[in-house]
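Reading through the structure tokens given below for one structure.
The values are calculated or read from the model by the stated rules, or taken from the named source; none is laboratory data. The structure displayed is predicted, hence computed values, not measured ones. Each accessible area value is taken on the protein alone, full model and side chains, heavy atoms only, with ligands, DNA and RNA left out. Shrake-Rupley method; radii C 1.70, N 1.55, O 1.52, S 1.80 Å.
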Amino acid sequence: MPAPLNSQREDQRDAAARLAQALAQLAEQRDALSWHRQKSRQLTDQSSRLVSASQLLREKIEGDAWLSRQVAAIMRRSL
């Protein structure tokens, strides 16, 4: 009965090789997912900073416009 035993061992080796390959692919996918999550967090943080900067810029522009209107009104009154 050595033939079935050898065949069984070969099947086990093949199964072990397929399992090792599947585990390696899974590890690669896990690493890729981790990288994408990190990049996503970085982009989210960057987006938040851009939104904050945009809001500050808008407030400054509105403030400058208000100040310009005030100066124009004062100059009209002084003429």
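Here are some notes:
- Selection count where residues are of a type in the set (A, V, I, L, M), assigned to a helix (DSSP H, G or I) and open to solvent by 80 Å² or more (accessible area, probe 1.4 Å), scope segment 34-79: 8
- Hey, residue 19 more than 30 Å from the chain's Cα centre (by Cα) and either modelled with pLDDT of 95 or more or assigned to a helix (DSSP H, G or I) (or both) or not: yes
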